[in-house]
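A.B. asks: I'd like to ask some things about the structure below.
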Amino acid sequence: MATTVIDAEALKEFLDKADLPADYLARLSQELAGRHAAARLPLTDWAQLWHKAPVVRRISEPERQRWEPRLTTVLPALWQGQVGALWDLLDPKETAPAWLADWGTYWAHLAHPQLPWWARWVYRPDSRTGALLLVVDDVERFNPDLAGPVLYQRIAEAVSFLGAVLDSTHQLDAVDEMFRPMVALAIIYAVYMFTMASWKMTEEFTQVLPSFPSVVRILLGLTRWEGKSIGPKSETD
C-alpha cells in the first residue's frame, strides 16, 4: 500500500533557512508542553473552547451557537483522541463546515500530540496549499475530492513520517519529540510566508510584519493560549 513520503532534502532546506536558535526552540517546546498539560484536563467552558482555537476567528457567533449542542456530543471522543467522531456527527448528505476539522483536530492534538492538527496552514484542500504539500513527494495523495477521514489519515501518515525523518537527522532536537513534527510544519509555512512576502511586497511592508519567531508561535496557536508565553521571552521572540 502506498504511503506518504517526506522529501528530506526539501525539509532540510526549509529548516536551514529558518535557522532558529536552540534556546528559542527549547522555550517553544516548554510552551507546548504547558499547553498539553492544561489540555489533559478537558475543558468544558465553551468560551474557552471557542476562544483558544485559532480557527474560531472565522466562525460567526450565530454559527457557534448552532453548533455547540452538536459539538458537545463529540467532545468526550475528542479528548480521547477519537477524531473520527467529527465526521460521524454529520448527516450522510451534509457537508462539513470548513472549520470543523481544524477546530476538532486542534483539541484532539492538544490532548494527544501524536495526532496531527489539521490547521488550514498544514493543508487547505480548497486551494491545495499548506506546509505539508511543500515537503511531501506526491502531492496527488492529497486530492481534495477525497473524504475528510481519508485526507486526515494521509495527513497523519505524513506527519508520522516527518517525525521519523526529524528524529533520524537530528533536526529540531531542542524540541520534545512529540511536538517536533508540528513545529517543523509551522517553520516550513513561516519560511514560505516570508519568502512570498519578500517577492510580492516592498521592503517597507515586509518590515512591519511580525518577527519570524513570532509568526511560528502564531501558527502554532500559542498566542491565543492565555495570550502569553510560558517563561521569559528572548530577543528573538
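A.B. asks: Which whole-Hz ³J(HN,Hα) couplings does segment 22-38 yield from phi under the Karplus relation 6.51 cos²θ - 1.76 cosθ + 1.60, θ = phi - 60°, glycine and proline marked x?
C.D. replies: Ordered by residue, 3J(HN,Hα) equals 4, 5, 5, 5, 5, 5, 4, 4, 5, 4, 5, 5, x, 5, 4, 4, 5 Hz.
A.B. asks: Still on this structure, I have one more. Rounding to the nearest 20 debye, state how big the charge dipole of the chain is about its Cα centre with +1 on each Lys and Arg Cβ and -1 on each Asp and Glu Cβ.
C.D. replies: About 700 debye.
A.B. asks: Once Rh is set to the Kirkwood radius over Cα pairs, what Stokes-Einstein translational diffusion coefficient, in µm²/s, holds for segment 8-220 at a temperature of 25 °C and a viscosity of 0.890 mPa s?
C.D. replies: 135 µm²/s
A.B. asks: I've got another one for you. Amide H of T129 versus every other amide H placed in the peptide plane: which residues, excluding those fewer than 5 positions away on the same chain, fall under 5 Å?
C.D. replies: The answer is R124.
A.B. asks: If you don't mind, there's one more thing I want to ask. Work out the charge dipole of the chain with +1 on the Cβ of Lys and Arg and -1 on the Cβ of Asp and Glu about the Cα centre, then indicate which of T73, F179, H109 is farthest towards its positive end.
C.D. replies: Farthest towards the positive pole: T73.
A.B. asks: Per-residue counts of other Cβ atoms within 10 Å, averaged by peptide: what ranking do you get for 84-96, 175-187, 7-19, 159-171, highest first?
C.D. replies: Going by the mean number of other Cβ atoms within 10 Å, highest first, we get 175-187, 159-171, 7-19, 84-96.
A.B. asks: Let me ask something additional. Can you count the Lys pairs in the chain whose Cα atoms are under 27 Å apart, with each pair 8 or more apart or on different chains?
C.D. replies: 7
A.B. asks: Could you pull out every residue, at least 5 positions away or on a different chain, whose amide H is within less than 5 Å of the one on W118? Hs are placed 1.01 Å off N in the peptide plane, and Pro or chain starts have none.
C.D. replies: Long-range HN contacts for W118: T105, Y106.
No value in this document is a laboratory result; all are computed from the given coordinates. Just so you know, these numbers come straight off a predicted model, no measurement behind them. Here the Cβ is made from the backbone with ideal geometry for all residues, glycine too, and neighbour counts use every protein chain on show.
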